[in-house]
Amino acid sequence: MNAELPTRQQRVRSFLEEYLESNEYPPTLREIGRAIGVKSTSLISYYLDQLEERGYLVRQRSVSRGLRLVRRDSPRELKARPEILSIPYLGHIVASAPVPIEPLSGDESVELSRALFGANTANLFALTVKGDSMIDALIHDGDTIILRHQERVENGEMAAVWLDEPGETTLKKVYYEGRQVRLQPANPSMGPIYVPEDNVRVQGKVVMVIRQLE
């Protein structure tokens with residue numbers, strides 16, 4: 001499975017697998033570096049970026065130890081179920097006033113048809129929505145959203161957004177307005193949130209909403 005990776009990236013991924021098997025949380029960059037004999041955290045971050053680009057893991061840079069391995073089916077399983085895509089499930093996001101993000105834990109996934117996403121199936125992850133600030137965008141409390149990890153979106157697109165200060169996350173439509181960003185709810189009873197552009201980190205763009213009907 002790791003044969004296509006350069007040697008250092010293979011060692012990083014192998015260490016992540018062993019560490020996660022022994023612990024209930026991911027390692028830090030320094031712990032990874034010590035394990036593979038690399039002192040530079042920037043270099044470790046580069047290796048992780050490469051693994052993420054290849055679809056081996058998902059990174060949440062705004063969260064300490066925000067690493068999550070993506071389960072890769074064996075060639076036999078892929079041949080048997082080529083139409084099924086396993087998307088990492090990373091917990092909850094609040095669609096109301098921003099609140100501190102919950103720690104990511106567990107080893108769950110959401111399985112959907114690969115055909116729903118066309119050729120671009122990389123860097124997807126799933127979250128459950130709490131709150132009703134996006135109801136006019138047809139996203140309700142308890143819905144599951146599928147996001148594609150990216151660090152910027154177009155004006156008016158819906159995204160999971162991390163605010164560096166005070167360390168909070170929210171789901172809103174994003175509008176870049178000069179040196180500030182307007183985070184716009186889709187609920188007429190709620191007003192927008194205005195924050196400096198350098199205080200905003202886009203974590204992922206919403207690409208799908210899943211609702212379970214009772």
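Quick notes
- Looking across the range 70-89, just one residue is at pLDDT below 80 and either closer than 30 Å to residue 194 by Cα or under 13 Å from the mean Cα position of the chain (by Cα) (or both), and that is 70.
- Lone unmet requirement of (1) modelled with pLDDT of 80 or more; (2) surrounded by 13 or more Cβ atoms within 10 Å (Cβ to Cβ) for residue 66: (1)
- Among (1) in contact with a helix residue (DSSP H, G or I) (Cβ under 9 Å, 6 or more places away or on another chain); (2) within 11 Å of residue 93 (Cβ to Cβ), the one test that residue 208 misses: (2)
- All positions within the range 20-30 that are more than 15 Å from residue 59 (Cβ to Cβ) and part of a helix (DSSP H, G or I): 21, 22, 30
- Restricting the range 111-139 to residues that are among the β-branched types (Val, Ile, Thr) and at pLDDT 80 or above, the residue that is surrounded by the fewest Cβ atoms within 10 Å (Cβ to Cβ): 128
The values are calculated or read from the model by the stated rules, or taken from the named source; none is laboratory data. Because the structure is predicted, anything quoted here is derived from the model rather than measured. Virtual Cβ from ideal backbone geometry, glycine too; neighbours counted across all protein chains shown.
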